[in-house]
Every structure is written in C-alpha cells, then in structure tokens.
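Everything below concerns the one structure shown next.
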Amino acid sequence: MHMADALLSPAVAVTMYAASGIAAGLSISKLRRDDDARKLPTMAVSAALVFAGQMINYTIPGTGSSGHMCGGMLLSALLGPQAGFLSMIVILAIQCLFFADGGLMALGANVWNMAFYGCFVGYYLIWRLVMRSDWFSGMGDRAAQRARIICASILGCVLTLQLGALSVVIETSLSGITELPFGAFLALMQPIHLAIGLIEGVVTAAVLTFVYESRPELLMDVDAAKTGATGRRSLRTTIVILAIVAAVVGGGLSLLASSNPDGLEWALFGNAEAGYSQNMGLDEEKFGVSSGLADAAGSVQEATSFLPDYAFPGSESAAGTTVSGLVGSAMVAGVAVLICIAGGFFRKR
C-alpha cells in the first residue's frame, strides 16, 4: 500500500505530513513518560520483524495480485499504540529513504494509511476492547485469552487495512487525479485489501500467540496474573527467537516473495501480462500528477537509496534482496533502540 508521489498533489501530501506529524508528536510525549524497560529490546526486535515481514509479498489466489503485512496491529499489541506508531514511522522512513519503497513526498500519507489506523484505531477500537472483554470465557482462562488474541488480530487487521485502502482512494481523489474515478477505484481497492487483511490477521495472531505462550506480560492488556499464565521462556530467549525469525524472513524467505503487483499497484495497473484483468489500466510510466515538490523529493530519494527496490543498483542478483532484508532489519532495530534511549534521556532531564 506504499503510495508513490505521483498519486498525490503537494497540498494533500503536506496535509498528510501535518496529520502524521501531530500524531508523532503526541506519541513522543507519551513515550517520554513510559518507564517500562522491556520496551527497548521488544521495540527493536518487533520493528525489525515487521520490516522483514513487509518484504514478503504473498499471492492472493485467483486475482493476479499480492499483499504484504503492514504491521501496525502487531506493534501496538506489543508496544502500545504510541511506541508502535513511532516504530512504524521508522520502518516506513527507512524503506522510503534507503530502499526507494514509497515516495518521499507521500511519506506522510503512507504513515497515516499504514501506521495510524493499525496502531491507534486498531488498538483502541479492537485490541483493547476485545482483550478486556469476557469473550470466550467458557473455554477456560488460557484458551479464552488465546481466542481473544486471534479474534482481535484478525478483526483489527481487516478493519485497519480497509481504512487504509479507503484513505488511499480519498487522497488520490482530493489530489485531482481524474484517471481514477472514485467509485471504480474504491471497488477495486476494498475487496483486495479485505483478502490481504485476513492473511495479515492470521500471521499477526500466530506471532502474538507465540509471545503470549512465551512471555504473556509483553502483550498489552493481558493480565497474566489474573489468568494464571506463566511464561514458558525467558525474556532474553523470546527476544532472541523473534530476532532470528526476523533475520530468516528478511534474509531468506524474502527471496520467495510473489512477483505479482501489490493491492494498490494491481488496482492501478492490473496484471494483464499474467492473464488477469487490467483493472484501471493506467500506463505505469505516465500516470498521476507531477509537481516541483515531487521532483525534488524524487531527487533526494534517488541520492539516499543505496539499495533501491531491495536490490543492488543495476543488478538482479538474489544476494541484493538478502542483504536488503538483513541491513534494513538491523537499521530499523538500531533506530528503534535510539528512540527508546532518547526517551529515557529526556525523562531523566
């Protein structure tokens, strides 16, 4: 769902930067008052895991499209909405600047569409309500808690991806891109992201269930003492396992990613070459709006992206994808740690 600069007018792009910036400022303020020392390693490894997970596009059967996880629900369930939102900003900014994934002018919109809904709407409207409910209480404490985790993960991912897809349609419409009729674009975006959201929900549920079985106190709104849940692994072991998974996913499984266009690209350009619908049928080389701001942002991005499209420049070597996954995951984890350290510094001041 990473938007390109050509999909936005400068006015809409600046507005979305402002909206995302306000949410980031409020999140930083909250993070400075957070004294949970477990957040530092958890934030680092979970952010790296989401970066790696976003590299894997999975095929949506029968459509000629693919999807990848956003990760906002996963991060907010582990870190809380504020720390999760800041982690998503780190992920999206690094993807944009160093891997040319998503436009730099469109970064504010991408943060809003992919991070705000998953971290705030998904947490407050779905995760917290479900986890504090008595749903599935007849199953026994531990089983009920696992069922609530699965339910909240799937419902949250479906809802937040639907909202993100809707925002993309609204933003392009407000940008005056007349080649994208609102109704037709919406009719393509919502169903495909429903399928993507369902798959992400299952993946998110699997990760969070593992964390619950390993260290239940790491999950937001889970009262381990009340349910009698005890961790089967130490915090260090749990973090190491998640770090290994991030490395394997980013450095290895990313090589198996689907070559089909993602949901947004599929809606815009279709996949007629593979025998599927052309959908909006736009020319990939000539679509959208152009502006001086977009040209300037593109120049900056071209200068900073040392592994564009997660590959060595001018090379189709698979090693480029592996290196991108490992380097990107390490960069995201490192910046996430710095954010936590900075938050601790400001608290002491």
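At 20 °C and 1.002 mPa s, what whole-number value in µm²/s does Stokes-Einstein give for the translational diffusion of segment 151-310, with Rh from the Kirkwood sum over Cα pairs?
Details: Rh = 19.3 Å.
Roughly 111 µm²/s, to the nearest whole number.
Write out the trypsin sites (Lys or Arg not before Pro) in segment 21-115 meeting two conditions: DSSP loop, and at most 10 other Cβ atoms within 10 Å of their Cβ.
On the way: sites: Lys30, Arg32, Arg33, Arg38, Lys39; in loops: Arg32, Arg33, Arg38.
Listed in order of number, the matching sites are Arg33.
So, R0 is 41 Å and r is the distance between the beta-carbons of Glu316 and Leu174; what FRET efficiency does that work out to, to 0.05?
Details: r = 38 Å, r/R0 = 0.92.
Efficiency, from the Cβ-Cβ distance: 0.65.
Normalising by the residue count of the chain, find the relative contact order in percent from Cα pairs under 8 Å and 6+ residues apart. Don't skip to the end; give the middle numbers.
Values: 605 pairs, mean separation 104.0, N = 349.
This gives 30 percent for the chain.
If I take R0 = 41 Å and measure r between the Cβ atoms of Ala296 and Met220 in this structure, what FRET efficiency does the formula 1/(1 + (r/R0)^6) give, to the nearest 0.05?
On the way: r = 40 Å, r/R0 = 0.97.
Once rounded, the FRET efficiency stands at 0.55.
What do you get for the angle between helix 182-214 and the principal long axis of the chain? Use alpha-carbon atoms, 0 to 90 degrees, nearest ten.
Relative to the chain, helix 182-214 is tipped by roughly 30 degrees.
Could you give the Stokes-Einstein D for the chain in µm² per second, using the C-alpha Kirkwood radius, 37 °C, 0.692 mPa s?
On the way: Rh = 20.5 Å.
The estimated diffusion coefficient comes to 160 µm²/s.
Under the rule of -39500 (n - 2.57) per DSSP H run of 4 or more residues, summed and divided by the residues of the chain, what mean residue ellipticity at 222 nm is obtained, to the nearest 500 deg cm²/dmol?
Details: 13 runs with 213 residues, N = 349.
The helix contribution divided over the chain gives -20500 deg cm²/dmol.
Under 18 Å from a point 7 Å along the Cα-to-Cβ line of Val14: which residues of segment 83-126 have their amide N that close?
Within reach of a label on Val14, which here means backbone N under 18 Å from a point 7 Å along Cα→Cβ, segment 83-126 contributes 104-110.
At a 10 angstrom cut-off on C-beta neighbours, averaged per residue, how do the peptides 275-284, 164-173 rank from highest to lowest? Please list the in-between numbers first.
Numbers: 275-284: 13.7, 164-173: 21.9.
Ranking, from highest mean packing down: 164-173, 275-284.
Give me the net charge of Pro308's neighbourhood, meaning all other residues with Cβ under 13 Å from the Cβ of Pro308; Lys, Arg count +1, Asp, Glu -1.
Details: positive: none; negative: Asp101, Glu302, Asp309, Glu316.
With Lys, Arg at +1 and Asp, Glu at -1, the net is -4.
Kindly express, to the nearest 10 degrees and within the range 0 to 90, the angle between helix 318-348's C-alpha long axis and the longest C-alpha principal axis of the chain.
60
Helix 141-174 sits at what angle to the longest principal axis of the chain, using alpha carbons and giving 0 to 90 degrees rounded to 10?
20
List the trypsin sites (Lys or Arg not before Pro) within segment 180-262 that fall in a DSSP loop (any state other than H, G, I, E or B) and whose Cβ has at most 16 other Cβ atoms within 10 Å. Please list the in-between numbers first.
Numbers: sites: Lys226, Arg232, Arg233, Arg236; in loops: Arg232, Arg233.
Answer in residue order: Arg232, Arg233.
Can you tell me the dipole magnitude for segment 5-348 around its Cα centre, using point charges on the Cβ only (Lys, Arg +1; Asp, Glu -1), in Debye to the nearest 20? Mind showing how you got there, number by number?
Details: 18 positive and 24 negative charges, 372 e Å.
Value, rounded to 20: 1780 debye.
Could you please state, rounded to a whole Å, how far the C-alpha centre of segment 1-79 is from the C-alpha centre of segment 289-305?
22
Can you tell which of Tyr17, Gly197, Cys151 lies farthest toward the positive end of the dipole of segment 5-348, using +1 and -1 charges on the Cβ of basic and acidic side chains (Lys, Arg; Asp, Glu)?
Projecting each Cα onto the dipole axis, the largest value belongs to Cys151.
Less than 15 Å Cβ to Cβ from Cys70, Lys/Arg counted +1 and Asp/Glu -1: what total charge do the surrounding residues give?
Details: positive: none; negative: Asp101, Glu200, Asp262.
Residues near Cys70 contribute -3 overall.
In what sequence, highest mean first, do 291-304, 55-68, 93-106 appear when ranked by Cβ atoms within 10 angstrom? All intermediate terms of the calculation are to be shown ahead of the outcome.
Values: 291-304: 14.9, 55-68: 19.4, 93-106: 22.4.
Order by mean packing, descending: 93-106, 55-68, 291-304.
The numbers here are math on the coordinates, done by the rules we state, and not lab data. All of these numbers come straight from a predicted model, not from anything done at the bench. Counting neighbours? That spans all protein chains shown, and the Cβs are built from the backbone with ideal geometry, glycine included.
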